[in-house]
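> Sharing a structure, written as structure tokens. Questions coming.
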Amino acid sequence: MASQSQFEVVPTGAALGADITGLDLAAAIDAASFGRLSRAWGDHLVLRFRDQSLDEAALIEFSARFGVLDAAPRRPVNVPNHPTRSEINIVSNIIENGTPIGGLGNAELVWHQDMSYKDLPPKASLLYAIETPVTGGDTHFYNLYSAYETLPPELRARIETLLCKHDATRNSAGQLRAGFDADYANNQRPGAVHPLVVRHPDTGRKSLYLGRRPNAWVVGLADADSDQLLDALWAHVEAGSLNWAQHWRPGDLVIWDNRCTLHRRGTLDPAQRRLMYRTQVRGGHAAGGSD
Ligand code: SIN
């Protein structure tokens with residue numbers, strides 16, 4: 001197996017993110033190089049590899065170096081899954097013969113962590129760009145370790161042992177997934193419960209674990225109290241500059257640590273085609289953050 005250990009790690013200079021240069025993801029990566037890559041991922045939370053050429057099998061093979069892959073999430077009605085590879089989630093605004101070829105359309109996506117509405121959310125997501133718009137459709141990433149560390153101390157203490165219910169019924173574009181009702185009371189809403197503060201199983205660092213704002217509920221609080229607390233946490237996120245934006249080019253592969261980052265997508269021009277393949281690596285969810 002040829003060593004590809006000469007690759008470079010080039011930090012973005014923002015609160016997270018690094019470029020990896022000199023690594024061909026379609027070729028074999030030896031254990032030492034993969035170990036270095038994993039450490040860079042732990043340090044920078046989001047890694048970008050440019051100018052890659054990956055078919056479905058190569059994308060799945062590289063993704064599976066990080067662990068067992070999850071199946072793509074449940075779709076809204078009329079959005080098909082990848083025809084042959086259940087691990088690949090097609091994210092696209094392209095419509096063929098009146099049917100979208102993938103999910104999430106042209107919508108601006110809210111800040112979120114992927115599939116946090118599951119008991120064991122993915123630890124990593126990988127997004128590979130096949131067709132990209134010239135303008136728009138950037139993906140923004142946010143460092144939730146730093147968000148936790150910079151919370152006002154009284155707010156940090158208040159949330160330390162609280163749990164949050166993450167809504168399963170709608171995707172990050174606000175679309176209803178197949179099989180769910182349009183509305184639920186907070187205590188009956190389908191989804192998963194996770195601590196608001198988690199400890200990363202690899203780095204040992206604490207971070208916020210917010211999922212997404214719409215339909216979230218702090219377990220046990222009256223709806224108004226829950227909304228007030230979540231609004232305060234999200235205001236902290238929105239006010240911060242702990243983010244980095246990825247402007248996509250075809251052949252870009254980005255992996256993010258879904259346990260300690262948020263991401264969102266900016267607006268998309270429907271006239272500009274965008275086609276991405278996403279995979280997600282199962283589990284390794286951190287336990288509650290309390291010492
Ligand atoms: C996603 O949230 O997985 C998709 C992000 C994007 O389309 O940029």
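> Answer yes or no: is there a residue in region 49-58 that is at pLDDT 95 or above and assigned to a strand (DSSP E or B). If you could, list the steps in order and put the result at the bottom.
Taking region 49-58 and keeping what is at pLDDT 95 or above, we get 49-58.
Among the residues that remain, those that are also assigned to a strand (DSSP E or B) are: 49.
Within region 49-58 (the criterion being at pLDDT 95 or above and assigned to a strand (DSSP E or B)), the answer is yes, since at least one residue qualifies.
> In addition: Only one of (1) away from the ligand (no atom under 16 Å from the Cβ); (2) surrounded by 14 or more Cβ atoms within 10 Å (Cβ to Cβ) is not met by residue 244, so which one is it?
(1)
> Exactly one of (1) at pLDDT below 95; (2) within 20 Å of residue 198 (Cα to Cα); (3) open to solvent by 10 Å² or more (accessible area, probe 1.4 Å) is unmet by residue 108. Its number?
Failing condition for residue 108: (2).
> Mind telling me which of the residues 65, 156 ends up being among the basic types (Lys, Arg), open to solvent by 70 Å² or more (accessible area, probe 1.4 Å) and touching a helix residue (DSSP H, G or I) at 6+ places or on another chain (Cβ under 9 Å)? Can you show your working first?
Details: 156 fails: open to solvent by 70 Å² or more (accessible area, probe 1.4 Å).
It is 65.
> Restricting to region 213-227, name every residue that is closer than 23 Å to residue 108 by Cα, open to solvent by less than 60 Å² (accessible area, probe 1.4 Å) and assigned to a loop (DSSP other than H, G, I, E, B).
Hits for region 213-227 are 213, 215, 216.
> Now, a different point. Inside region 73-105, can you point out the residues that are small (Gly, Ala, Ser) and open to solvent by less than 20 Å² (accessible area, probe 1.4 Å)?
Across region 73-105, the qualifying residues are 92, 102, 103.
> Only one of 117, 148 is more than 12 Å from the ligand (Cβ to nearest atom), touching a His at 6+ places or on another chain (Cβ under 8 Å), among the hydroxyl-bearing types (Ser, Thr, Tyr) and open to solvent by 10 Å² or more (accessible area, probe 1.4 Å). Can you tell me which?
Values: 148 fails: touching a His at 6+ places or on another chain (Cβ under 8 Å).
None of the others qualify; the one that does is 117.
> Related question: Quick check, is residue 249 more than 24 Å from residue 118 (Cα to Cα) and part of a loop (DSSP other than H, G, I, E, B)?
yes
> Criterion first (within 14 Å of the ligand (Cβ to nearest atom) and either small (Gly, Ala, Ser) or over 30 Å from residue 226 (Cβ atoms) (or both)) does residue 136 satisfy it?
yes
> From the list 168, 129, 192, 182, which residue is of a type in the set (A, V, I, L, M) and over 20 Å from the mean Cα position of the chain (by Cα)?
Values: 168 fails: over 20 Å from the mean Cα position of the chain (by Cα); 129 fails: over 20 Å from the mean Cα position of the chain (by Cα); 192 fails: over 20 Å from the mean Cα position of the chain (by Cα).
Only one candidate qualifies: 182.
> Which one is surrounded by the fewest Cβ atoms within 10 Å (Cβ to Cβ) among residues in region 10-48 that are touching a residue at least 40 places away in the same chain (Cβ under 8 Å) and part of a helix (DSSP H, G or I)?
42
> Tell me the residue from 281, 197 that is within 16 Å of the ligand (Cβ to nearest atom) and aliphatic (A, V, I, L, M), please.
One residue alone meets the criteria, 281.
> So which of 210, 196, 176 ends up being modelled with pLDDT of 95 or more and either open to solvent by 30 Å² or more (accessible area, probe 1.4 Å) or out of contact with any His (no Cβ under 9 Å at 6 or more places or on another chain) (or both)?
Exactly one residue qualifies, and that residue is 196.
> Suppose we filter region 228-241 for residues that are open to solvent by less than 60 Å² (accessible area, probe 1.4 Å) and within 18 Å of residue 16 (Cβ to Cβ); how many remain?
Of the residues in region 228-241, 3 are open to solvent by less than 60 Å² (accessible area, probe 1.4 Å) and within 18 Å of residue 16 (Cβ to Cβ).
> Still on this structure, I have one more. If you go through region 188-212, how many residues are under 26 Å from residue 108 (Cα atoms) and β-branched (Val, Ile, Thr)?
Final tally of qualifying residues: 1.
> Of all the residues that make up region 85-143, how many are assigned to a loop (DSSP other than H, G, I, E, B), within 24 Å of residue 190 (Cβ to Cβ) and not hydroxyl-bearing (Ser, Thr, Tyr)?
Within region 85-143, residues that are assigned to a loop (DSSP other than H, G, I, E, B), within 24 Å of residue 190 (Cβ to Cβ) and not hydroxyl-bearing (Ser, Thr, Tyr) number 13.
> Follow-up question, since we're still on this one. Quick check on residue 205: is it in contact with an Asp or Glu (Cβ under 9 Å, 6 or more places away or on another chain), of a type in the set (Lys, Arg), more than 16 Å from the ligand (Cβ to nearest atom) and over 20 Å from residue 235 (Cβ atoms)?
Details: in contact with an Asp or Glu (Cβ under 9 Å, 6 or more places away or on another chain): yes; of a type in the set (Lys, Arg): yes; more than 16 Å from the ligand (Cβ to nearest atom): yes; over 20 Å from residue 235 (Cβ atoms): yes.
So residue 205 passes the test.
The values are calculated or read from the model by the stated rules, or taken from the named source; none is laboratory data. All of these numbers come straight from a predicted model, not from anything done at the bench. Note: ideal-geometry Cβ built from the backbone for every residue, glycine included; neighbour counts use all protein chains shown. Just the protein is used for accessible areas: all its heavy atoms, side chains included, with ligands, DNA and RNA removed. Shrake-Rupley method; radii C 1.70, N 1.55, O 1.52, S 1.80 Å.
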